[in-house]
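Okay, structure first, notes after.
The values are calculated or read from the model by the stated rules, or taken from the named source; none is laboratory data. Keep in mind the model is a prediction, meaning the values are calculated, not measured. Neighbour counts run over all protein chains shown; Cβ positions are idealised from the backbone, glycine included.
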Amino acid sequence: MAEYSLEKFQTKLDKNISWRKRELTILKNNVDGSEENLLVTSIRAGITLLYGHWEGFIKTAAREYLKYLNCQNIKCTDMKDNFITLSMKKTIVNSRQSNKSLSHSEIISELLYESDKIFNVDEMDKLIVDTNSNLTYEILEDILFSLGLDCEYFEMKDNFVKENLVLERNKIAHGEYVLIVDPKKDKTDEEKRAKEEFENLYHEILKLMEKFKELVFDAAFKKQYLK
(Lines give C-alpha, C1' and ligand atoms only; values in the text may rest on other atoms or scores of the structure.)
Protein backbone atom coordinates (compact mmCIF):
# COMPACT_ATOMS: atom_id res chain seq x y z
CA MET A 1 0.00 0.00 0.00
CA ALA A 2 1.38 3.41 -0.98
CA GLU A 3 2.43 5.65 1.88
CA TYR A 4 -0.10 8.30 2.83
CA SER A 5 1.19 10.62 5.54
CA LEU A 6 -0.83 12.75 7.92
CA GLU A 7 0.72 15.85 6.33
CA LYS A 8 -0.46 14.74 2.90
CA PHE A 9 -3.96 14.19 4.26
CA GLN A 10 -3.99 17.69 5.77
CA THR A 11 -2.78 19.21 2.50
CA LYS A 12 -5.51 17.41 0.56
CA LEU A 13 -8.19 18.77 2.91
CA ASP A 14 -6.75 22.29 2.85
CA LYS A 15 -6.54 22.42 -0.94
CA ASN A 16 -10.03 21.04 -1.38
CA ILE A 17 -11.69 23.53 0.92
CA SER A 18 -9.58 26.47 -0.32
CA TRP A 19 -10.77 26.44 -3.92
CA ARG A 20 -14.36 26.07 -2.74
CA LYS A 21 -13.98 29.09 -0.47
CA ARG A 22 -12.50 31.17 -3.30
CA GLU A 23 -15.38 30.37 -5.62
CA LEU A 24 -18.01 31.02 -2.95
CA THR A 25 -16.39 34.32 -1.95
CA ILE A 26 -16.54 35.51 -5.57
CA LEU A 27 -20.20 34.55 -5.62
CA LYS A 28 -20.92 36.38 -2.35
CA ASN A 29 -19.23 39.50 -3.72
CA ASN A 30 -21.42 39.28 -6.82
CA VAL A 31 -24.50 39.15 -4.59
CA ASP A 32 -23.26 42.14 -2.59
CA GLY A 33 -22.86 44.19 -5.76
CA SER A 34 -26.15 43.21 -7.40
CA GLU A 35 -29.63 44.68 -7.31
CA GLU A 36 -33.11 44.12 -8.71
CA ASN A 37 -33.42 41.10 -11.06
CA LEU A 38 -29.67 40.47 -11.09
CA LEU A 39 -29.71 40.18 -7.29
CA VAL A 40 -32.48 37.58 -7.37
CA THR A 41 -30.66 35.56 -10.03
CA SER A 42 -27.35 35.83 -8.16
CA ILE A 43 -28.89 34.57 -4.92
CA ARG A 44 -30.67 31.69 -6.67
CA ALA A 45 -27.36 30.69 -8.28
CA GLY A 46 -25.59 31.25 -4.97
CA ILE A 47 -27.85 28.91 -3.02
CA THR A 48 -27.37 26.19 -5.63
CA LEU A 49 -23.59 26.56 -5.61
CA LEU A 50 -23.43 26.76 -1.81
CA TYR A 51 -25.27 23.46 -1.62
CA GLY A 52 -22.98 21.95 -4.25
CA HIS A 53 -19.88 22.85 -2.27
CA TRP A 54 -21.47 21.74 1.01
CA GLU A 55 -22.27 18.29 -0.36
CA GLY A 56 -19.12 18.09 -2.43
CA PHE A 57 -16.76 18.87 0.42
CA ILE A 58 -18.41 16.49 2.90
CA LYS A 59 -18.29 13.68 0.36
CA THR A 60 -14.72 14.40 -0.71
CA ALA A 61 -13.34 14.84 2.82
CA ALA A 62 -15.07 11.66 4.04
CA ARG A 63 -13.65 9.66 1.15
CA GLU A 64 -10.20 11.16 1.64
CA TYR A 65 -10.24 10.13 5.31
CA LEU A 66 -11.12 6.56 4.35
CA LYS A 67 -8.40 6.60 1.70
CA TYR A 68 -5.96 7.70 4.40
CA LEU A 69 -7.09 4.87 6.69
CA ASN A 70 -6.79 2.35 3.86
CA CYS A 71 -3.10 3.20 3.64
CA GLN A 72 -2.34 2.82 7.36
CA ASN A 73 -2.18 -1.01 7.35
CA ILE A 74 -4.52 -1.35 10.36
CA LYS A 75 -6.19 -4.60 11.37
CA CYS A 76 -9.97 -4.35 11.58
CA THR A 77 -9.84 -5.88 15.07
CA ASP A 78 -7.84 -2.88 16.25
CA MET A 79 -10.43 -0.42 14.98
CA LYS A 80 -13.64 0.87 16.49
CA ASP A 81 -16.85 -0.97 15.69
CA ASN A 82 -18.10 1.59 13.17
CA PHE A 83 -15.14 0.84 10.91
CA ILE A 84 -15.64 -2.92 11.27
CA THR A 85 -19.26 -2.35 10.23
CA LEU A 86 -18.08 -0.26 7.29
CA SER A 87 -15.65 -2.96 6.17
CA MET A 88 -18.50 -5.51 6.19
CA LYS A 89 -21.17 -3.27 4.71
CA LYS A 90 -21.22 -4.79 1.25
CA THR A 91 -21.54 -8.31 2.70
CA ILE A 92 -24.33 -7.17 5.02
CA VAL A 93 -26.27 -5.43 2.24
CA ASN A 94 -25.89 -8.37 -0.14
CA SER A 95 -27.12 -10.84 2.49
CA ARG A 96 -30.07 -8.62 3.33
CA GLN A 97 -31.29 -8.97 -0.23
CA SER A 98 -31.36 -12.75 0.03
CA ASN A 99 -33.20 -15.27 2.18
CA LYS A 100 -30.58 -17.93 1.53
CA SER A 101 -28.66 -19.24 4.52
CA LEU A 102 -25.50 -19.28 2.41
CA SER A 103 -25.64 -15.51 2.06
CA HIS A 104 -26.23 -15.04 5.78
CA SER A 105 -23.37 -17.39 6.64
CA GLU A 106 -20.99 -15.07 4.81
CA ILE A 107 -21.53 -12.48 7.54
CA ILE A 108 -20.71 -15.00 10.26
CA SER A 109 -17.67 -16.25 8.36
CA GLU A 110 -16.36 -12.74 7.94
CA LEU A 111 -16.84 -12.01 11.63
CA LEU A 112 -15.22 -15.23 12.81
CA TYR A 113 -12.46 -15.89 10.31
CA GLU A 114 -11.55 -12.56 8.75
CA SER A 115 -11.36 -10.40 11.85
CA ASP A 116 -7.59 -10.01 11.42
CA LYS A 117 -7.85 -8.66 7.90
CA ILE A 118 -6.41 -5.25 7.10
CA PHE A 119 -8.95 -2.44 6.89
CA ASN A 120 -9.60 -1.53 3.28
CA VAL A 121 -12.81 -0.19 1.81
CA ASP A 122 -13.68 1.25 -1.58
CA GLU A 123 -14.13 4.86 -0.55
CA MET A 124 -15.76 5.69 -3.89
CA ASP A 125 -18.50 3.07 -3.45
CA LYS A 126 -21.90 4.61 -2.73
CA LEU A 127 -22.49 1.92 -0.13
CA ILE A 128 -19.59 3.41 1.84
CA VAL A 129 -20.15 7.17 1.41
CA ASP A 130 -23.38 8.43 -0.12
CA THR A 131 -24.98 11.87 0.21
CA ASN A 132 -28.02 10.84 -1.87
CA SER A 133 -27.66 14.21 -3.66
CA ASN A 134 -29.70 15.60 -0.78
CA LEU A 135 -27.43 16.17 2.21
CA THR A 136 -29.83 16.63 5.09
CA TYR A 137 -28.75 16.03 8.69
CA GLU A 138 -30.23 12.52 8.64
CA ILE A 139 -27.87 11.54 5.82
CA LEU A 140 -24.94 13.44 7.30
CA GLU A 141 -25.51 11.71 10.64
CA ASP A 142 -25.00 8.32 8.99
CA ILE A 143 -21.74 9.52 7.40
CA LEU A 144 -20.54 10.90 10.74
CA PHE A 145 -21.38 7.62 12.48
CA SER A 146 -19.59 5.59 9.81
CA LEU A 147 -16.46 7.68 10.35
CA GLY A 148 -16.75 7.69 14.14
CA LEU A 149 -17.19 11.48 14.30
CA ASP A 150 -19.20 13.51 16.79
CA CYS A 151 -22.49 14.80 15.38
CA GLU A 152 -23.48 17.31 18.09
CA TYR A 153 -22.41 20.49 16.25
CA PHE A 154 -24.18 19.45 13.05
CA GLU A 155 -27.29 18.34 14.91
CA MET A 156 -27.66 21.86 16.33
CA LYS A 157 -27.63 23.24 12.76
CA ASP A 158 -30.11 20.67 11.42
CA ASN A 159 -33.13 22.94 10.89
CA PHE A 160 -31.07 25.87 9.63
CA VAL A 161 -29.37 23.80 6.92
CA LYS A 162 -32.57 22.01 5.91
CA GLU A 163 -34.78 25.11 5.72
CA ASN A 164 -32.29 27.61 4.31
CA LEU A 165 -30.11 25.48 2.07
CA VAL A 166 -31.32 21.97 1.20
CA LEU A 167 -35.02 22.68 0.64
CA GLU A 168 -34.37 26.01 -1.11
CA ARG A 169 -31.77 24.42 -3.36
CA ASN A 170 -34.16 21.59 -4.23
CA LYS A 171 -36.86 24.07 -5.26
CA ILE A 172 -34.44 26.09 -7.39
CA ALA A 173 -32.89 22.98 -8.97
CA HIS A 174 -36.38 21.79 -9.97
CA GLY A 175 -37.25 25.14 -11.53
CA GLU A 176 -39.62 26.28 -8.81
CA TYR A 177 -40.18 29.92 -7.90
CA VAL A 178 -38.54 30.99 -4.64
CA LEU A 179 -39.42 34.38 -3.18
CA ILE A 180 -36.09 36.17 -2.73
CA VAL A 181 -37.26 39.80 -2.75
CA ASP A 182 -40.92 40.58 -2.00
CA PRO A 183 -42.13 43.06 -4.67
CA LYS A 184 -44.95 44.18 -2.36
CA LYS A 185 -42.49 45.57 0.18
CA ASP A 186 -39.95 48.38 0.14
CA LYS A 187 -37.35 47.53 -2.53
CA THR A 188 -34.33 48.87 -0.63
CA ASP A 189 -35.27 47.11 2.60
CA GLU A 190 -36.01 43.83 0.83
CA GLU A 191 -32.75 43.82 -1.10
CA LYS A 192 -30.82 44.58 2.08
CA ARG A 193 -32.58 41.73 3.90
CA ALA A 194 -31.97 39.29 1.04
CA LYS A 195 -28.26 40.13 0.94
CA GLU A 196 -27.92 39.77 4.72
CA GLU A 197 -29.70 36.42 4.72
CA PHE A 198 -27.49 35.10 1.93
CA GLU A 199 -24.35 36.34 3.68
CA ASN A 200 -25.44 34.59 6.88
CA LEU A 201 -26.06 31.37 4.95
CA TYR A 202 -22.65 31.71 3.28
CA HIS A 203 -20.84 32.08 6.61
CA GLU A 204 -22.77 29.26 8.31
CA ILE A 205 -22.10 26.76 5.53
CA LEU A 206 -18.41 27.63 5.47
CA LYS A 207 -18.29 27.10 9.24
CA LEU A 208 -19.91 23.68 8.85
CA MET A 209 -17.41 22.71 6.17
CA GLU A 210 -14.52 23.87 8.37
CA LYS A 211 -15.95 21.92 11.31
CA PHE A 212 -16.13 18.72 9.27
CA LYS A 213 -12.55 19.27 8.10
CA GLU A 214 -11.45 19.81 11.70
CA LEU A 215 -13.20 16.64 12.88
CA VAL A 216 -11.75 14.33 10.23
CA PHE A 217 -8.24 15.69 10.63
CA ASP A 218 -8.38 15.48 14.44
CA ALA A 219 -9.65 11.91 14.17
CA ALA A 220 -6.67 11.03 11.98
CA PHE A 221 -4.15 12.98 14.09
CA LYS A 222 -5.35 11.53 17.41
CA LYS A 223 -5.92 8.06 15.92
CA GLN A 224 -9.50 8.09 17.12
CA TYR A 225 -10.24 5.23 14.73
CA LEU A 226 -8.47 2.82 17.08
CA LYS A 227 -10.14 1.03 19.99
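Annotation: of all residues in segment 37-51 being free of Cβ contacts under 8 Å to residues at least 40 places away in the same chain and not polar (S, T, N, Q), the one that is nearest to Val166 (Cα to Cα) is Leu49. Restricting Ser34, Ser87, Ser18 to those that are touching a Phe, Trp or Tyr at 6+ places or on another chain (Cβ under 9 Å) and hydroxyl-bearing (Ser, Thr, Tyr) reduces the list to Ser87. Only a single item in (1) in a helix (DSSP H, G or I); (2) in contact (Cβ under 8 Å) with a residue 12 or more places away in the chain; (3) over 30 Å from Lys187 (Cα atoms); (4) over 20 Å from the mean Cα position of the chain (by Cα) is not met by Glu3, and it is number (1). Residue pairs whose Cβ atoms lie under 6 Å apart, sitting 6 or more positions apart in sequence or on different chains, and linking a residue in segment 120-146 that is more than 24 Å from Leu167 (Cα to Cα) to a partner that is modelled with pLDDT under 95 and part of a loop (DSSP other than H, G, I, E, B), are Val121/Ile128.
In the set (1) surrounded by fewer than 18 Cβ atoms within 10 Å (Cβ to Cβ); (2) in contact with a Ser or Thr (Cβ under 9 Å, 6 or more places away or on another chain); (3) of a type in the set (S, T, N, Q), the condition left unmet by Thr25 is number (2).
Has segment 32-39 got any residue that is buried (at least 17 other Cβ atoms within 10 Å of the Cβ), at pLDDT below 95 and not in a helix (DSSP H, G or I)? No, segment 32-39 contains no residue that is buried (at least 17 other Cβ atoms within 10 Å of the Cβ), at pLDDT below 95 and not in a helix (DSSP H, G or I).
Looking across segment 1-22 at every residue that is surrounded by 12 or more Cβ atoms within 10 Å (Cβ to Cβ) and polar (S, T, N, Q), the one that is farthest from Asp182 (Cα to Cα) is identified as Gln10.
Given the criteria outside any loop (DSSP other than H, G, I, E, B), free of Cβ contacts under 8 Å to residues at least 60 places away in the same chain and aliphatic (A, V, I, L, M), does Ile84 qualify?
yes
Assess whether Leu226 counts as being closer than 22 Å to Asp81 by Cβ and outside the structural domain of Trp54 (by TED's automatic domain parsing). Answer is yes for this residue.
Annotation note: Cβ proximity below 7 Å between a residue of segment 180-207 that is exposed (fewer than 12 other Cβ atoms within 10 Å of the Cβ) and a residue that is modelled with pLDDT of 95 or more and in a helix (DSSP H, G or I) (sequence gap 6+ or interchain) occurs for no pair. For segment 152-159, the condition of being in a helix (DSSP H, G or I), hydrophobic (A, V, I, L, M, F, W, C) and modelled with pLDDT of 95 or more holds for at least one residue.
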